[in-house]
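The values are calculated or read from the model by the stated rules, or taken from the named source; none is laboratory data. Model, not experiment: these values are computed from the prediction. Every residue, glycine as well, gets a Cβ built from its backbone with ideal geometry; the counts of neighbours run over all protein chains shown. Please note that ligands, DNA and RNA were not included when accessible areas were found on the heavy atoms of the full protein model with its side chains. Shrake-Rupley method; radii C 1.70, N 1.55, O 1.52, S 1.80 Å.
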Amino acid sequence: MNPANKVHTNSQYNALRQKAEKKRQAFLNEPVPKIHIGMATCGIAAGALDTKAAFEDALARHSVNARIHTVGCIGHCYAEPYVIIDHPDSGFPPIFYHEVTPGKAGMLTNLFLKEGDPRFEHVLGATVQNEMIPWIMDFPRFNLEKRVVMEKCGRIDPEDIDEYIAEDGYSTLADILQRSPEEIIKEIKDSGLRGRGGAGFSTGRKWELCANTSQNDKLLICNADEGDPGAYMDRTILESNPHQVLEGMIICAYAVGADKAIVYVRAEYPLAVKIITQAIQQAKELGLLGHHILGSSFDLDIDVFQGSGAFVCGEETALIRSIEGFRGMARHRPPYPVERGLWGKPTVINNVKTLATVVPVLSNGSAWYREIGTENSPGTAIFSVVGNVVHPGLVEIPMGVTLRTLIFDICGGIPGKKKFKAVQIGGPSGGCLPEELLDTPIDFDSLTETGAMMGSGGMVVMDEDTCTVDISRYFLDFTQKESCGKCTFCRIGTFHLLSILERITKGEGRDGDIEQLKQLSEDIKNGSLCGLGKTAPNPVLTSLRYFIDDYEAHIKEKRCPAMMCRPLIAYYIDLDKCARGCDACVGCCPVEAVFNTSNRKKGIDQILCVKCGECLVACPPEYDAVIKVSPPELAPILERPPEPVKKA
Amino acid sequence: MLPELTAEEKSILDDVKTDLAEISKERSKLIPILQFIQSKINYLPQVAINLVADHLDISPSEVYGVATFYNQFRFNPPGRNPVKVCMGTACHVRGGDIILENFERKLEIKEGETTPDREFSVERVACVGCCALAPVAIMGETVHGHMQPSKVEGLVLRVRIEKEKQEREKQKNEPGK
Ligand SMILES: Cc1cc2nc3c(=O)[nH]c(=O)nc-3n(C[C@H](O)[C@H](O)[C@H](O)COP(=O)(O)O)c2cc1C
Ligand code: FES
């Protein structure tokens, strides 16, 4: 392909840029306060729509003139719904407020926007350095992050292409259209960028392989299937900055010579589907997609395909089968998709994050990128850190940061004075790591060495009340259901693994179970075709390796040390502590298992009890009478007195 | 036993038949067509499977085989208040299964089923993306965070009371009775 027409791409881009910047200036110069609200799925789930409505209502009620600006997600889930209020006339810098309920929205409108009092007690920080309010960049949750891919997420309105363009968006595309595809591939190779979909294959190498095939008809697929049940960074990126993904896709397609591309996004992400579809439409209207992109000789069409919710379809060959209209079953590789992919054509498949990373890599150069992260894993990693941490959410960190820094410094450690127990990395394909390994640096190779893996980027932090056997059972239950059924070991092996784990968590473990778990795990790894089966035993193997005590307590003593496996625990009420006449636990029990003893204290009917733990939460802290024990035999049995005869 | 199609569903399916004529008969259209039908009537009744099979000239069992492979497709109608309980990792750690159990017990159905009056259905979903609020359940369009077993009863009750109220209103407003 010819390097595109130089004059055209630049002049066309500059025209778009000028228009976008003018629009932004007009918005910024308007002398009214701005309210930025995070409206990605997570924000909406936390109530951002109500917050927005409350602001609109309050603005009208107090006759305050202000602009509401909807943005994507910045990844600080603990703070949702969050707003940033920029009220220059008040003399304060833009302020970041967290957990803004509709009530708070009304209050802030009245007291801050109208009367100029920023209500310090609700402030998380200021977004710029100043003398009055702590700067958010002084907090580790902000300053230890390194935003390369998510730099614009949560700052721009994802539904307005001009906001992306005004922030330099699509300028990299305009530049690279003047360079040869070979040069671009070389730059990506030099940057050392490794695919963020899990396996960490060199992106430059993948592109080169595809570019070098002799066939002309080539395709590009952006993998946004994101099947890990606890990870959502791809969705956040699509919802918060779809154009960066599109720009990366156009660049990739140009480099490998593809003229058709598909975004494979799961149908369970309706907002992401809507936003990316809309973004494609906008890009087309501005000549950034379609025929003669930016006046060059390069054409590209991008379609959206909605994945129907099968974890295995994240695997590239299964993904291809599903687009072709079949059951998503993996097949043997080679041939790799770069040789024979969708409809038999050479196909590059890259993850959302990989494609979004391409843009900053090319705009700043490979040398700049290599300075971030480690020698073998340059760049940043994005994790969704959830579970028992103080500040959960999406975190983008340079590779090489240790797990300890991520969990304790950035995410604030474990809440409620509990002890750290384990961290599960990489979702169903990953593993559970103990405290001793917290100093492991986060990069592709170090994590693989521990038996876990980078995988999807899901990270679940667990405190001492979490049972690693149960977590393994949870992931196995998932992979077992999601196995496509092609390989016997994966289909039947995971079923047996799961049934052994189920037995153990019910207190029916036997001698020899541990050995059998290990053997089966090895067999499944060896006997499976695709990554699903090859990695499915990882949660079991790592927890056996690092938390063998948990298994032994379940098997030998029929006891769950973390008191999480319900068949192995019981609740009872300590009659010495129970307050006569208090009914807190009675009202909250969903199965009426709590009864009155003869002296108006309470007891629990062990047969009816479903062990939901509600009474333990409901019991007022000054009595603290509900006690949880494992094994269940430790609970004293209390007979339910016969129902008193009702007086007429 | 699957419920009979309602008159409304029948008429939607008639429209679908017309729409199908516009869609090409390539195999790769199979999943988009199934998604399209489900977006119209919320599930895939047997008749719809047959329609698709006819359109693409493949056997109904082939269509059924593909449809059942994917979690998105359902084969019984969801309730007017579909309940989705998050079974994502973070919610699991915080007791999502207890929440699911409570819905199942309260509504007397199992996950994947619909109550006989079609008012509620219960299903499990993967991470809905607000792990910080775990455990999470979604009823209709509303996300309920920090769920507790005792909240389940309240939610179900609220819907039932609301419905009764509406019915009373309707009776009151019906003139001449
Ligand atoms: C079971 C399984 C699930 C996968 N799920 C995903 C996924 O959700 N998203 C993704 O990008 N890659 C996923 N992959 C990896 C893809 O097969 C493929 O390696 C990746 O999309 C390549 O993109 P990259 O080079 O940018 O990493 C999965 C692999 C396996 C084995
Ligand atoms: S795991 Fe339930 S919302 Fe993420």
Net +/- balance of residues flanking A:PHE444 in space, Cβ distance below 11 Å, scoring K and R +1, D and E -1: -1
Leaving out ligands, DNA and RNA, calculate the buried accessible area for the pair A and B with a 1.4 Å probe, summed over both sides, in Å² to the nearest 100. 3500
A:GLY197 long-range amide H proximity, modeled H, under 5 Å: A:ASN351
Quick one: Karplus J couplings for the stretch A:431-437, per residue in order, coefficients 6.51, -1.76, 1.60, θ = phi - 60°, nearest Hz, x for Gly and Pro? x, 9, 10, x, 4, 4, 9
Using a 1.4 Å probe, how large is the accessible area of A:HIS391, given in Å² and rounded to the nearest 10? 60
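Once you list every other residue whose beta carbon is under 15 Å from the beta carbon of A:LYS417, what net charge do they have if Lys and Arg are +1 and Asp and Glu are -1?
Working: positive: A:LYS418, A:LYS419, A:LYS421; negative: A:ASP463, A:GLU464, A:ASP465.
Neighbourhood net charge equals 0.
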Whole-Hz ³J(HN,Hα) from phi, Karplus 6.51 cos²θ - 1.76 cosθ + 1.60, for the stretch A:591-597, glycine and proline x: 10, 6, 8, 8, 10, 8, 7
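Per residue, what volume in Å³ does the convex hull of the Cα atoms of the protein assembly as shown enclose?
Working: hull volume 168.7 nm³, N = 825.
That works out to 204 Å³ per residue.
Averaged per residue, what accessible area in Å² does the stretch A:31-142 show with a 1.4 Å probe, protein chains only? Let's see the in-between values first.
Working: 4480 Å² over 112 residues.
Per-residue accessible area for the stretch A:31-142 comes out at 40 Å².
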A:PHE495 versus B:GLN171: modelled label distance in nm, points set 7 Å from Cα along the beta carbon direction: 5.2
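If you average 1/r over every pair of different alpha-carbon atoms in chain B and take one over that average, what Kirkwood value in Å do you get?
Numbers: mean 1/r = 0.0549 Å⁻¹.
Here the Kirkwood hydrodynamic radius works out to 18.2 Å.
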Normalised Cα Rg of the stretch A:312-451, dividing by 2.2 N^0.38 Å with N its residue count, works out at 1.27
Would you mind giving the mean number of other chain beta-carbons within 10 Å of the Cβ of each residue in B:117-130, as a whole number? 5
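Per DSSP H run of at least 4 residues, take -39500 (n - 2.57); add these up for chain A, divide by its residues and hand me the 222 nm value, nearest 500 deg cm²/dmol.
Working: 24 runs with 234 residues, N = 648.
When only DSSP H runs of four or more count, the value is -10500 deg cm²/dmol.
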Could you list, bin by bin from short to long, the percent of Cα-Cα pairs of the stretch A:102-261 in 10 Å steps? 9, 26, 31, 18, 10, 6, 1
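Within 10 Å of each Cβ in B:81-94, how many Cβ atoms from other chains are there, averaged over the peptide? Don't skip to the end; give the middle numbers.
Working: counts 0, 0, 0, 0, 0, 3, 5, 9, 18, 13, 3, 11, 16, 4.
Per-residue shielding by partner chains comes out at 6.
From the alpha carbon gyration tensor of the stretch A:549-617, can you work out the equivalent ellipsoid semi-axes (sqrt of 5 times each eigenvalue) and give them in Å, largest to smallest? The partial results should precede the final answer.
Details: eigenvalues 149, 29, 19 Å².
Over the Cα atoms of the stretch A:549-617, the ellipsoid semi-axes are 27, 12, 10 Å.
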I'd like the trypsin sites (Lys or Arg not before Pro) in the stretch A:541-638 restricted to DSSP loop residues with at most 14 other Cβ atoms within 10 Å, sorted by number. A:LYS577, A:ARG580, A:ARG600
Cut-off under 18 Å on the C-alpha distance; same-chain residues fewer than 8 positions from B:LYS25 excluded. Which aspartates and glutamates are left, in chain and number order? A:GLU324, B:ASP15, B:ASP54, B:ASP57, B:GLU62
Give the average, rounded to an integer, of partner chain Cβ atoms located within 10 angstrom of each Cβ in A:438-448. 0
Nearest-0.05 FRET efficiency for A:VAL591 and A:GLU436, computed from C-beta distance (R0 30 Å): 0.15
Inverse of <1/r> over all distinct C-alpha pairs of the stretch B:81-173, i.e. the Kirkwood Rh in Å, gives 13.5
Pull up all non-local amide H partners of A:HIS69: gap of 5 or more, or a different chain, and H-to-H distance under 5 Å with H placed in the peptide plane. A:ILE35, A:HIS36, A:ILE37
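Specify, per residue and in Å³, the volume enclosed by the convex hull of the alpha carbon atoms belonging to the stretch B:5-58.
In the stretch B:5-58, the Cα hull volume divided by residue count equals 64 Å³.
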Two-site label geometry, A:LYS481 and A:TYR623: point separation in nm, points 7 Å out along Cα→Cβ: 3.8
Let me test this: with uniform point scatterers at the alpha carbons of the stretch A:444-524, what is the Debye-based log₁₀ I(q)/I(0) at q = 0.11 1/Å? -0.34
A:ALA199 paired with B:ARG105, simple spin-label distance in nm, labels 7 Å along Cα-to-beta-carbon: 4.6
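With a cap of 12 neighbouring Cβ atoms within 10 Å, and only residues DSSP puts in a loop, list the chymotrypsin sites (Phe, Trp or Tyr not before Pro) found in the stretch A:522-630. The partial results should precede the final answer.
Working: sites: A:TYR546, A:PHE547, A:TYR551, A:TYR571, A:TYR572, A:PHE595, A:TYR623; in loops: A:PHE547, A:TYR623.
Nothing satisfies the criteria.
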Environment charge of A:ALA570, counting only residues whose C-beta is closer than 9 Å and scoring Lys/Arg +1, Asp/Glu -1: +1
In sequence order, calculated HN-Hα J values of the stretch A:451-460 (Karplus, 6.51, -1.76, 1.60; Hz; x Gly/Pro): x, 8, 7, 4, x, 6, x, x, 9, 10
Amide proton proximity set for A:LYS602, modelled H, under 5 Å, gap of 5+: A:THR597
Sequence gap at least 6, Cα distance under 8 Å: using those rules, report the relative contact order of chain A to the nearest whole percent. 11
On a 25 Å Cα-Cα criterion, which of the cross-link pairs A:LYS260/B:LYS40; A:LYS486/A:LYS534; A:LYS189/A:LYS218 come out too long? A:LYS260/B:LYS40
Among A:PHE55, A:PRO140, A:LEU520, which residue has its Cα furthest toward the positive end of the charge dipole of the protein assembly as shown, with +1 on Lys/Arg Cβ and -1 on Asp/Glu Cβ? A:LEU520
Greater than 30 Å apart at Cα, pairs in A:LYS481/A:LYS602; A:LYS52/B:LYS151; A:LYS518/B:LYS110; A:LYS601/B:LYS110; B:LYS10/B:LYS163: A:LYS481/A:LYS602; A:LYS518/B:LYS110; A:LYS601/B:LYS110
Within the stretch A:559-648, report the GluC sites (Glu not before Pro) that DSSP leaves as loop and that have at most 13 other Cβ atoms within 10 Å. A:GLU592, A:GLU622, A:GLU639
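Among the helices of chain A (complete DSSP H runs), which have Cα atoms covering no less than 24 Å along the helix axis and a Kyte-Doolittle mean of at least -1.0?
None clear 24 Å together with a mean of -1.0.
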Where the eigenvalues come from the Cα gyration tensor of the stretch A:31-142, what are the semi-axes √(5λ) of the equivalent ellipsoid, largest first, in whole Å? 19, 18, 11
